[in-house]
Amino acid sequence: FVDTGVFEIGGTFIYNWNSGALGPQDMQGCMQHSLNVCLAWIATQIGAKQFYEYMDAFGIGRQTGIELAGEASGRLKIPGDEDWYDADLVTNAFGQGVSATPLQMAAAISAIANDGKMMAPRIVRSIIKDGHQYDTGERLVGMPISAETARTLTEMLARSLELEASDALVEGYRVA
């Protein structure tokens, strides 16, 4: 991908977070430098149908089913919604225009950390009643990506942080 610093779709212009351009980039560079323009372009290459299928598979925009009353669903506009525009596809690709809850993000990230297996978040690990412990158990809610893709993405995320000497790095741990 050649980062020119700007991407236009439907009369809307998308810029990188720093208004700069970095020229030729591979996917590692797009992630490492958090390039909005690159991610916008990728979303158009994937297409709205597949992009939103992935968002749904990762649980973005819907409740997780956690054991708490009043869970919010967030908001993910999709094609066909009266307030969805072509520009929503590309802004959603880098996280703008999406309202995802921390629980949704935890569930989505679990798929990357667990070889593609997305687990339901839990608040209660076990219940003790009458002196006996009852575990609530883990619950698989989907497999939005393959184990190989999850490992590749984990490696790319970790390298992105390492190459940037990020403040997110923790001595003694590899962070993705």
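The values are calculated or read from the model by the stated rules, or taken from the named source; none is laboratory data. Predicted model, so just to flag it, every value in this text is computed and none were measured. When we count neighbours, we look across all protein chains shown, and the Cβ atoms used for this are built from the backbone with ideal geometry, even at glycine. Calculation scope for accessible area: heavy atoms of the full protein, side chains included, ligands and nucleic acids excluded. Shrake-Rupley method; radii C 1.70, N 1.55, O 1.52, S 1.80 Å.
Under a plain spin-label model, where a point goes 7 Å from the Cα along Cα-to-Cβ, how far apart in nm are Tyr15 and Ser146?
4.0
Once you have the Cα-Cα distance between Gln63 and Asp115, take 0.36 nm times their residue separation minus that, and quote the gain in nm to one decimal.
Values: separation 52, 0.36 × 52 = 18.72 nm, distance 2.23 nm.
Computed gain between Gln63 and Asp115 is 16.5 nm.
Hey, in the GNM for the chain with a 10 angstrom Cα cutoff, which one of Gly61, Gly29, Gly20 fluctuates hardest?
The residue with the greatest mean-square fluctuation here is Gly20.
Mind listing the phi-derived Karplus ³J(HN,Hα) values for the stretch 7-19, rounded to whole Hz, using 6.51, -1.76 and 1.60 with θ = phi - 60°, and x for any glycine or proline?
In residue order, the calculated couplings are 9, 10, 8, x, x, 9, 9, 10, 10, 5, 4, 9, 6 Hz.
In the stretch 1-105, carbon and sulfur make up what percent of the accessible area (probe 1.4 Å)? Before the final figure, lay out each step's value.
Values: 3200 of 5710 Å².
Whole-percent figure for carbon plus sulfur exposure: 56.
Per residue, how large is the accessible surface of the stretch 38-116? Use a 1.4 angstrom probe and give square angstrom. It would help to have the intermediate numbers written out before the result.
Values: 4140 Å² over 79 residues.
On a per-residue basis, the stretch 38-116 sits at 52 Å².
Would you work out what percent of the accessible area of the stretch 126-176, with all protein chains in place, is carbon or sulfur (probe 1.4 Å)?
Reported share for carbon and sulfur atoms: 52 percent.
Between Val124 and Ala165, take the C-beta separation as r, use R0 = 45 Å, and let me know the FRET efficiency to the nearest 0.05. All intermediate terms of the calculation are to be shown ahead of the outcome.
On the way: r = 39 Å, r/R0 = 0.87.
Once rounded, the FRET efficiency stands at 0.70.
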